[in-house]
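Any read-out appearing in this document is the output of simple, stated calculations on the displayed coordinates, not a laboratory observation. Just so you know, these numbers come straight off a predicted model, no measurement behind them. Because the Cβ atoms are built from the backbone with ideal geometry, glycine has one as well, and the counts that use them run over all protein chains shown.
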Amino acid sequence: MNDSKRDAFFIFLHSCAERDDRATLANLRCVLRKNLKHRAWPLLARFGGIEDELKEYDHAAKVVQTIAGLFATYPTKSDHDFGISCKKLLSDEERNDMYDREAFKKVGPVARRFQHLLSSEKEEICDRVVRMVLRLKAQEIQINYYELFNGLTYWGDKIKNRWAGSFWDVKQLEEAAL
């Protein structure tokens, strides 16, 4: 997806939320459910949100669908990356254990789930992100959908490393190890 199409996609999503267009948002949420996603196709077709039946897996369409469905479920704005959003899910105990020299090898439930997300292949990442965003929504943690869209679109080691570095705060871990 080129930049102008991506920008138009986000303008569309934000305008639906700002107008409180409940019907459109409800149809966009349907894209997250296999048997109802056809309801969102008329809305997402112009943004490449309908999968190409000639491809076994159409990642670009899946990213558009995922972001549209998640945004319609939980429209928020943030300026940090997905790793930082996920880090906010940590309990105080899990956060302290992460930087404690004695508990250094202990991995808590949120960190384990985040590791599982980072180990995803391109075909798996969107489904795993949906589950993580629903958890973020439950705790009212803000999400940068623009950054998430780019991360999913260009999913690979560079994105995984950036999110991991944000989640584990590399500098703070280096200090804890000394």
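What FRET efficiency comes out for ARG112 versus LYS158 if R0 is 25 angstrom and r is the Cβ-Cβ distance? Round to the nearest 0.05.
On the way: r = 23 Å, r/R0 = 0.91.
For ARG112 and LYS158, the calculated efficiency is 0.65.
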(request) Starting with the highest mean, order 17-24, 74-81 by the number of other Cβ atoms within 10 Å, averaged over the residues of each peptide. (result) 74-81, 17-24
(message) Which entries of LYS5/LYS37; LYS106/LYS137; LYS55/LYS122; LYS87/LYS137; LYS37/LYS62 have Cα-Cα distances beyond 18 Å here?
(response) LYS5/LYS37; LYS106/LYS137
(message) What distance in nm lies between label points placed 7 Å from Cα along the C-beta direction at GLU121 and ALA17?
(response) 3.3 nm
(message) What's the magnitude of the charge dipole for the stretch 1-75 around its Cα centre, counting Lys and Arg as +1 and Asp and Glu as -1 at the beta-carbon? Answer in Debye, nearest 20.
(response) 280 debye
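I'd like the FRET efficiency for ASP52 and ALA138, computed as 1/(1 + (r/R0)^6) with the beta carbon distance as r and R0 of 25 Å, rounded to 0.05. Please list the in-between numbers first.
Numbers: r = 34 Å, r/R0 = 1.35.
Once the sixth-power term is evaluated, E becomes 0.15.
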(request) Output ³J(HN,Hα) for the stretch 117-122: one whole-Hz value per residue in order, computed from phi by the Karplus curve 6.51 cos²θ - 1.76 cosθ + 1.60 with θ = phi - 60°, and x for Gly and Pro. (result) 4, 5, 7, 5, 7, 4
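So what is the diffusion coefficient of the chain in µm² per second by Stokes-Einstein at 10 °C and 1.306 mPa s, using a Kirkwood Rh over Cα pairs?
92 µm²/s
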(message) Between ARG39 and SER91, what is the label-point separation in nm under the 7 Å Cα-to-beta-carbon projection?
(response) 3.6 nm
(message) Between 0 and 90 degrees, rounded to the nearest ten: what's the tilt of helix 59-73 against the longest Cα principal axis of the chain?
(response) 80 degrees
